[in-house]
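All of the numbers you see were taken from the coordinates with simple rules; none came from a lab. Predicted model, so just to flag it, every value in this text is computed and none were measured. All Cβ positions, glycine included, derive from the backbone under ideal geometry; neighbour counts span all protein chains shown.
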Amino acid sequence: MSNAAPCATDERGELPDGTHYRVTLPNDWNGVVVRDLDYVNRSESPPTAGRYEDLRRRGFAVIGTMRHRLRMYQYDPLREIANLDRVLDRFVEIAGQPRRTIQYGCSGGGHVTLAIAEDFPDRVDGCVALAAHTPVPLMNTFLDGWFALRVLIGPAYAAAGHGSIEDLEITALENDGTVDLTAHGRTGALPVAWRKAIETAQVTPLGRARIALTFALGQWPAWVTEDTPQPDLGDAAALQVSMCRALMLNAANPGGEARIMFENAAQGQQLSWNTGVDYAAFLENANPALRSAMRALYAVAGVDPTDDLKRLADAPRIAAAPHALAFWSVPGRTTLGKPRIPVMRLHMVGDYQIPPSLAEGYEAEVQANGHAHLFRAAYVQATGHINFSAAESAAAIEVVLRRLDSGDWMDTSPASLNALGESIGTGTAPRFMDYGPYRHPRYNRTWRPS
């Protein structure tokens with residue numbers, strides 16, 4: 001595959017608010033434009049550039065933006081959607097109306113994609129959402145685990161002389177200059193304190209059991225780092241080691257990945273809560289393998305997990321701010337599982353930034369709302385975040401195009417998607433997998449704003 005396709009146009013510029021954009025039209029345009037929130041930067045980043053090279057090589061036009069430099073302080077998906085429409089306007093000026101427009105995006109771009117499918121579908125034909133976040137459910141999913149950690153392993157951190165439980169903050173985080181401007185990754189005392197708390201817990205049987213309980217309650221993936229072998233779901237000890245590695249990684253963002261960005265968006269107000277939450281009931285919705293491993297680890301520690309569930313039940317809870325929930329309930333800033341155009345959603349089984357349980361929850365809402373005819377989901381055997389291969393990305397786009405052309409979904413089983421990804425010839429391998437063993441009986445944190 002060549003590194004670049006000849007282009008009739010490759011225009012770069014700035015939108016009125018300072019957002020950078022790029023419009024790329026290949027000479028042999030096939031009439032389809034793929035629009036992406038992150039096209040400017042990810043088209044030039046080695047881990048992701050191959051996806052766009054493949055599209056341009058095969059005649060797709062690609063357009064999109066770069067996230068605004070103040071996004072960590074002023075995040076608003078609704079504004080990002082408006083900017084994507086401005087870029088599409090510019091493309092139409094250059095090339096005319098496309099035959100098909102596909103909205104595509106990863107992570108925050110995945111959220112924007114789902115929101116467009118639900119609330120702003122008029123200029124788009126179909127959508128591909130990869131590793132999509134939705135802020136309120138995501139922060140609640142993270143809150144459950146971090147809250148359990150603080151209550152259950154915080155006392156051992158204090159008893160070991162590392163400091164006070166108050167060191168282990170999880171909400172109302174400070175804009176103190178220790179957070180990367182991408183909102184991913186914090187330096188300073190907070191992650192150091194959390195890593196000491198995790199290390200202290202990991203050396204005792206009860207601490208290891210409590211870490212496993214955290215993952216079961218939070219519906220977090222146990223395997224998120226490539227340097228840890230994918231554990232057998234029946235091996236409690238291997239699962240627990242993998243969980244500890246995941247926690248050490250996630251300690252860079254205590255309280256949940258990008259929490260401070262989501263809080264900043266609502267003027268620093270708290271968007272997640274656990275008031276009224278019954279964690280014993282939540283445990284019943286844990287992945288069966290993780291729940292079984294947790295119980296085995298508590299048995300080794302000689303402790304009944306019911307005691308820790310009572311500690312959680314008795315602990316002071318965290319309330320959401322009405323202002324934050326009002327902000328996030330606006331169309332474009334949240335999703336309800338009501339797509340109006342075809343959507344293909346991909347998620348990695350080991351995504352540390354956005355637990356795949358979120359994708360399960362969205363899929364359940366789509367089915368409950370009677371929109372299943374417009375939605376398909378698939379899972380990829382990989383860790384990290386947005387680490388999709390060009391073959392996986394291309395297969396998802398092709399699935400949506402075939403749905404638009406025929407009116408019917410093709411077979412989206414892992415075997416069929418892997419065969420499709422191989423056939424496109426991106427030079428990369430597809431890794432679609434059977435997600436069944438990793439599923440949860442029910443997603444705990446579905447949010448239906450009034």
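Computed from the Cβ-Cβ distance with R0 of 30 Å, the FRET efficiency linking L249 to D405 stands at 0.10. All C-alpha to C-alpha distances of the range 53-100, sorted into 10 Å bins beginning at zero, yield P(r) values of 22, 42, 28, 8 percent in whole numbers. Given their separation in residues at 0.36 nm each and the Cα-Cα distance between them, D434 and K310 gain 41.1 nm when the chain is fully extended.
Each of V303 and D232 was given a label point 7 Å from its Cα along the Cα-to-Cβ line. The distance between the two points is 2.7 nm.
Length available on full extension from L181 to R99: 0.36 nm per residue minus the Cα-Cα distance, which gives 25.8 nm. Here the relative contact order of the range 386-440, from alpha carbon pairs under 8 Å that lie six or more residues apart, stands at 43 percent.
Is the range 211-294 best put as rounded, prolate or oblate by its Cα gyration tensor, with a ≥ b ≥ c the root eigenvalues, rounded for a/c under 1.5, and otherwise prolate when a/b is larger than b/c, oblate when not?
On the way: a/c = 3.50, a/b = 1.46, b/c = 2.41.
Because a/c hits 1.5 or more and a/b fails to exceed b/c, the range 211-294 counts as oblate.
If a/c stays under 1.5 just call it rounded; otherwise compare a/b with b/c (prolate if a/b is bigger, oblate if not). Do that for the range 257-404, with a ≥ b ≥ c from the square roots of the Cα gyration tensor eigenvalues.
oblate
Helix 189-202 axis versus longest C-alpha principal axis of the chain: approximately 60°, rounded to the nearest ten. The string of couplings for the range 272-289 from the Karplus curve (6.51, -1.76, 1.60, θ = phi - 60°) is 10, 7, 9, 4, x, 7, 9, 5, 5, 5, 4, 4, 5, 9, 5, 4, x, 5 Hz, one whole number per residue in order, with x for Gly and Pro.
Principal-axis analysis of the Cα atoms of the chain puts helix 46-57 at an angle of about 30° to the longest axis.
Less than 12 Å Cβ to Cβ from C244, Lys/Arg counted +1 and Asp/Glu -1: what total charge do the surrounding residues give? Residues near C244 contribute +3 overall.
At 10 °C and 1.306 mPa s, grab the translational diffusion coefficient of the chain from Stokes-Einstein with a Kirkwood Rh over Cα pairs, rounded to a whole number in µm² per second.
Details: Rh = 22.5 Å.
Taking Rh from Cα pairs, D becomes 71 µm²/s.
Here's how it looks for L173: its modeled amide H is under 5 Å from none belonging to a residue 5 or more places away or on a different chain. The string of couplings for the range 416-431 from the Karplus curve (6.51, -1.76, 1.60, θ = phi - 60°) is 5, 5, 5, 5, 5, x, 5, 6, 6, x, 7, x, 10, 9, x, 9 Hz, one whole number per residue in order, with x for Gly and Pro. When only C-alpha pairs under 8 Å and at least 6 residues apart count, what is the relative contact order of the chain, in percent? Rounded, it is 17 percent for the chain. Summing Cβ point charges (Lys, Arg +1; Asp, Glu -1) relative to the Cα centre of the chain gives a dipole of roughly 220 debye.
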